[in-house]
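Reading through the structure tokens given below for one structure.
Just so it is clear, none of the values below were taken in a lab; they were calculated from the coordinates. The shown structure was predicted, so the numbers you read here are calculated from the model rather than taken from an experiment. Neighbour counts are summed over all protein chains in view; Cβ atoms, including those assigned to glycine, are modelled from backbone coordinates with ideal geometry.
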Amino acid sequence: MPRYFIEIAYNGADFHGWQKQPNAPSVQETIEKCLYKQFANTEVPIVGCGRTDTGVHANHYIFHLDLESDVDEVQFIYKLNRMFPKSIAAYSMQKVEASFHARFDAKKRTYRYFIHQKKNPFREEFSWYFPHFFDIEMMNQAAQLLLGEKDFGSFAKTHTDVKTTICTVFSAEWRTDENSYYFEISANRFLRNMVRAIVGTLMDIGTGKLKVEDLPNIIAAKNREEASVSVPGHGLFLWKIDY
């Protein structure tokens, strides 16, 4: 059976995350329903490159699916976009080796969290409005302490089914972008709620509630109660997947 990778983007506001779940709309379920109709009421399971939490967006997301035979990739994407809601867009489709896996073969994942400080109705859905002062230089000093292979249990949602909370962070940096800011972090894997908890902790450092030197102790504790409250999900984007 030929396997295809499909690249999409989605606005997560209408969904309870990527993963299919009972009694709540998800991106995965929405796409599989569209595929079910496209293939004459035949179920076509899909496998995503990872999970996103409720309300979190994806600028670049990959899923794979196995089909009975080869398809016209351009026409397939065209038909998908005709069926998808406005909140999901399909960009490309590529045939890959049957063993290539959208989740397990991903080498690096990059997230961005957006913050704006001037009230703007056109940013509200995709950026967190935070009109208070914060020290971005201090936050970047702290962000460097996240690099490398570490146990990020202090930033993970509790009672999940993960086997390990160890991740390798390749880069982490706050950047400015025309009167707004975003935090970009890349790693081999992420835990549920991890980025939002990290951003919340860095914001507490930037506003003086915590000190830079507090961060190593928070990481070492491996206890979610030691880190700060998670920031809202609507400012977070899965930005890029690298294979």
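Structure above, values below:
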| read-out | value |
| --- | --- |
| Lysine pair number, Cα distance threshold 30 Å (strictly under), region 108-242, separation 8 or more or different chains | 26 |
| Read-out percent of Cα pairs over 23 Å apart, derived from the coordinates shown; its label in (1) 46; (2) 52; (3) 58 | (2) |
| Equivalent ellipsoid, region 1-143 (semi-axes from 5 times Cα gyration tensor eigenvalues, Å) | 33, 18, 13 |
| Distance between modelled label sites at Gln94 and Lys118, nm, 7 Å Cα→Cβ extension | 3.9 nm |
| Relative contact order, percent, region 108-242 [alpha-carbon distance under 8 Å, six or more residues apart] | 38 percent |
